[in-house]
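The values are calculated or read from the model by the stated rules, or taken from the named source; none is laboratory data. As the structure is a prediction and not an experimental result, all values here were calculated from the model. Quick reminder, even Gly has a Cβ in these numbers, built from the backbone with ideal geometry, and neighbours come from all protein chains shown.
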Amino acid sequence: MKRITSKDNPTVKHIARLMKSSAYRKENESYVIEGLRLCTDALESGADIQTVLFSEQSAKKNHELIRQFVEVCESTFIFSDKLFSQISDTRTPQGIMCVCRKTEKEFHFEQNGVYLGLEHIQDPSNMGTILRTAEALGIKGVILTENCCDIFSPKVLRGTMGAIFRLPVYECKHMAEEVRRMNRQQITTIATALHSNSLSITEITDEQKKSCAVIIGNEGNGLEQETIDECQIKAVIPMKGKAESFNASTATAIVLWELCRTMLSV
């Protein structure tokens with residue numbers, strides 16, 4: 001294990017750029033995760049871990065964990081405690097980071113399952129929570145429009161709580177095109193939108209839920225009209241209070257639970 005103390009070291013500069021720049025992450029097809037739980041989850045989930053780095057204090061406490069990472073990583077480093085704190089993205093660093101290579105998870109639409117489409121979701125906190133919820137409820141895959149926030153940003157990755165390592169995610173240019181493709185494959189498409197013929201989400205039948213995809217729109221502007229028009233069903237969450245709408249991640253959790261609850265109870 002190589003020890004690094006200078007912030008001018010090329011490895012340090014590379015990791016710092018990966019943490020700060022979405023464009024650099026795309027260019028290098030890599031991202032950084034931080035924290036004991038997230039890094040351990042990546043290891044156990046079979047993520048493609050290129051590099052692991054420990055702070056000096058963390059290295060003293062985690063001999064067995066270091067051994068496990070050395071077996072799968074291309075390179076392993078120990079950073080001085082001061083340097084680790086300087087590049088950390090968290091207030092209380094736990095002394096472990098990994099650089100992971102982005103990997104393509106197999107993604108194709110199938111019958112008998114629930115899919116989630118996300119159009120123009122911008123808030124990293126919402127995105128992280130949404131992906132965590134989708135994985136927890138057994139969603140078969142997530143379709144993102146390319147102008148959503150970067151799912152490999154540190155804030156989103158923390159919010160997913162490891163779901164990112166297991167959940168198939170597919171990026172598209174236009175959600176309406178994906179909706180048309182799902183319609184052709186007899187997957188029921190559901191737009192979450194207030195419309196003249198909107199149903200309550202609770203009125204969607206069990207038969208329609210068997211193979212379906214629900215589309216969630218931007219936090220402020222909702223779904224694009226073309227996407228709404230292409231969806232077979234327009235649905236809303238019934239509300240009794242005076243609030244005009246739910247937070248995007250809360251709305252997604254409610255809708256996915258309703259669509260998945262029959263499957264989850266089996």
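Before moving on, here are some points about what is shown:
- Residue-level check: of (1) modelled with pLDDT under 95; (2) within 26 Å of Cys231 (Cβ to Cβ), Thr129 misses just (1).
- Comparison of Glu27, Glu34 shows that the only residue that is of a type in the set (Asp, Glu), within 21 Å of Arg158 (Cα to Cα) and either modelled with pLDDT of 95 or more or in the same structural domain as Pro154 (by TED's automatic domain parsing) (or both) is Glu34.
- Residue among Glu244, Glu207, Glu230 that is modelled with pLDDT of 95 or more and not basic (Lys, Arg): Glu230
- Hey, Glu74 of a type in the set (Asp, Glu), more than 26 Å from Ser6 (Cα to Cα) and at pLDDT below 95 or not: no
- Matching option when the condition is within 30 Å of Met175 (Cβ to Cβ) and modelled with pLDDT under 95, among Gln86, Gln68, Gln111: Gln111
- Residues (surrounded by fewer than 21 Cβ atoms within 10 Å (Cβ to Cβ) and polar (S, T, N, Q)) located in segment 134-183: Asn147, Asn183
- Sole residue being among the hydroxyl-bearing types (Ser, Thr, Tyr), over 19 Å from the mean Cα position of the chain (by Cα) and surrounded by 15 or more Cβ atoms within 10 Å (Cβ to Cβ), chosen from Thr11, Thr40: Thr11
- Within segment 150-172, the residues that satisfy the criterion of being charged (D, E, K, R) and touching a helix residue (DSSP H, G or I) at 6+ places or on another chain (Cβ under 8 Å) are Asp150, Lys155, Arg158, Arg166.
- Only listed residue being within 20 Å of Lys140 (Cα to Cα) and either surrounded by fewer than 20 Cβ atoms within 10 Å (Cβ to Cβ) or β-branched (Val, Ile, Thr) (or both), chosen from Val70, Val114: Val114
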